[in-house]
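Heads up, the thing below is written out as structure tokens.
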Amino acid sequence: MNICDDLADSAGAFHNRRTFRTASEAPEMIGKLNHVAIAVPDLDAAARRYRDALGAHVGAPQDEPDHGVTLVFVELPNTKIELLHPLGEGSPIAAFLAKNPSGGIHHVCYEVEDVAAARDRLVADGARVLGDGTPRIGAHGNPVIFLHPKDFDGTLVELEQVPA
Ligand code: CO
């Protein structure tokens, strides 16, 4: 799946035709903020900044060839920061950095108990899932999907299945 190709398709009307339910009508779905992912042009410099300047617990770089990224996890008391750097040909992060040379927030990741059920509910509401909609195994070893930023306030949203 190439995220950038998926992002290029035309805007849907999800946000226009959606009728919002009240909290009492809609079953709960979204859970904790699992991580915020930040694309960085210099992974070592970014890791040092979080470790030395900010005093965070910073993990070792981890290559994820299937996702076209090398990542470093920063553990915070209430969530994680995922520092992303391009790996290999056609990395979606390379295209992002071409547009944002000093880096930037790439996506946010929310936890759900059942990612397939979450996908089905969102698709029924008119939201678009990137790729063919099949959950893939993400960097944490759990199934994930990505939702189109045009349907979520200009923000790429990852949903990760984390059993309660
Ligand atoms: Co992520």
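The values are calculated or read from the model by the stated rules, or taken from the named source; none is laboratory data. Given the structure is predicted, the values throughout are model-derived calculations rather than measurements. Backbone-built Cβ (ideal geometry, glycine too); neighbour counts: all protein chains shown. With ligands, DNA and RNA removed, areas are computed over all heavy atoms of the protein, side chains included. Shrake-Rupley method; radii C 1.70, N 1.55, O 1.52, S 1.80 Å.
Among the residues of region 123-142, how many are within 16 Å of the ligand (Cβ to nearest atom), part of a loop (DSSP other than H, G, I, E, B) and at negative phi? Talk me through it step by step, then tell me what you get.
Here is the first cut: in region 123-142, the residues within 16 Å of the ligand (Cβ to nearest atom) are 129-131, 135-142.
From what's left, part of a loop (DSSP other than H, G, I, E, B): 130-131, 135, 138-142.
Going one step further and asking which of them are at negative phi, we end up with 130, 135, 138-140, 142.
Residues meeting the conditions: 6.
For region 59-72, residues that are outside any loop (DSSP other than H, G, I, E, B) and open to solvent by 30 Å² or more (accessible area, probe 1.4 Å) total 6. Scanning region 39-55 for residues that are surrounded by fewer than 18 Cβ atoms within 10 Å (Cβ to Cβ) and either in a loop (DSSP other than H, G, I, E, B) or touching a Gly at 6+ places or on another chain (Cβ under 8 Å) (or both) returns P41, D42, L54, G55.
Return the residue satisfying two criteria in turn: it lies in region 115-133 and is over 29 Å from L43 (Cβ atoms) and in contact with a helix residue (DSSP H, G or I) (Cβ under 9 Å, 6 or more places away or on another chain), and of such residues it is most open to solvent (accessible area, probe 1.4 Å).
Ranking the qualifying residues of region 115-133, first place goes to R128.
Let's see how each residue does on (1) free of Cβ contacts under 8 Å to residues at least 24 places away in the same chain; (2) within 14 Å of the ligand (Cβ to nearest atom); (3) farther than 18 Å from E160 by Cβ:
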position	(1), (2), (3)
P27	yes, no, yes
I30	no, no, no
Y50	no, no, yes
R121	no, no, no
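Quick one: which of I145, I105, I93 is open to solvent by 10 Å² or more (accessible area, probe 1.4 Å) and not in a loop (DSSP other than H, G, I, E, B)?
On the way: I145 fails: open to solvent by 10 Å² or more (accessible area, probe 1.4 Å); I93 fails: open to solvent by 10 Å² or more (accessible area, probe 1.4 Å).
Just a single option satisfies the conditions, and that option is I105.
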